[in-house]
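Below is one structure, written out as structure tokens; the observations come after it.
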Amino acid sequence: MECPKCHSHNAQLCSVAHEQGTSTTKTSGTATGQSIGSSTQGGFGVAQHNLQTSSTSTTKSAFAQRAAPPTNWFVVFTLSSIACALFIVLVGFNLRNILGFISHDIEGLARPIWLVILLWLAVSLLGLARTYPKRQQYAEGKRRWRASWICGACGNIFVPETGKAH
């Protein structure tokens, strides 16, 4: 494929460029430790602690980021709203029962958490309302991205049938 801007033949589909420039690394490890202790009553104990960790990270080259698909913010805000609503329903109805068994003093600590959750819900619903009318634009942008090519020489992104850059 030839780039219409610089006429280089170093062009590839945006989806391929995005995938090739994205790498995911998974790491895991185990740590073991021991502690020894004694008590004033004459007791002595040894404890062994095992800790397993795992981590996943994704990195993208600048070229892969340029070739990335459009973000579907409607789905992001929908999932965020659902997660927030589930938290409110599942935890909210049980919070008073849980706190009643523990202590009334802890209920004061829960207020800032609820303020954050309610703010999160408000932002999510506002984002959902703003992105709802743009759902069709995202579908068109995704279709266009699947047909788009990116030039490795100049970074131009274009659709071959039209030759126009976006």
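Here the stretch 1-65 was treated as a single set of alpha-carbon atoms; its pair distances binned every 10 Å from 0 give 15, 21, 17, 13, 11, 9, 7, 4, 1 percent. Taken one residue at a time, the phi angles of the stretch 117-128 give Karplus couplings (6.51, -1.76, 1.60, θ = phi - 60°) of 5, 5, 5, 4, 5, 4, 5, 4, 5, 5, x, 5 Hz. Gly and Pro are set to x.
On the beta carbon distance between Thr78 and Thr53, with R0 = 22 Å, the FRET formula returns roughly 0.10. Computed from phi, the 3J(HN,Hα) profile of the stretch 27-35 under the Karplus parametrisation 6.51, -1.76, 1.60 (θ = phi - 60°) reads 10, 8, x, 10, 10, 10, x, 10, 10 Hz, with x in place of Gly and Pro. The phi torsions of the stretch 137-145, fed into the Karplus equation with coefficients 6.51, -1.76 and 1.60 and a -60° offset, translate into couplings of 5, 5, 4, 5, x, 5, 4, 5, 4 Hz, rounded to whole numbers, with Gly and Pro shown as x. Sorting 4-14, 50-60 by their mean Cβ neighbour count within 10 Å, with the most densely packed peptide first, gives 4-14, 50-60.
In this structure, the residue pairs whose Cα-Cα separation is over 26 Å, taken from Lys26/Lys60; Lys5/Lys134; Lys5/Lys142, are Lys5/Lys134.
FYI, it's all coordinate maths here, none of it is from the lab. This structure is a prediction, so every number in the text was calculated from the model and none was measured. Virtual Cβ from ideal backbone geometry, glycine too; neighbours counted across all protein chains shown.
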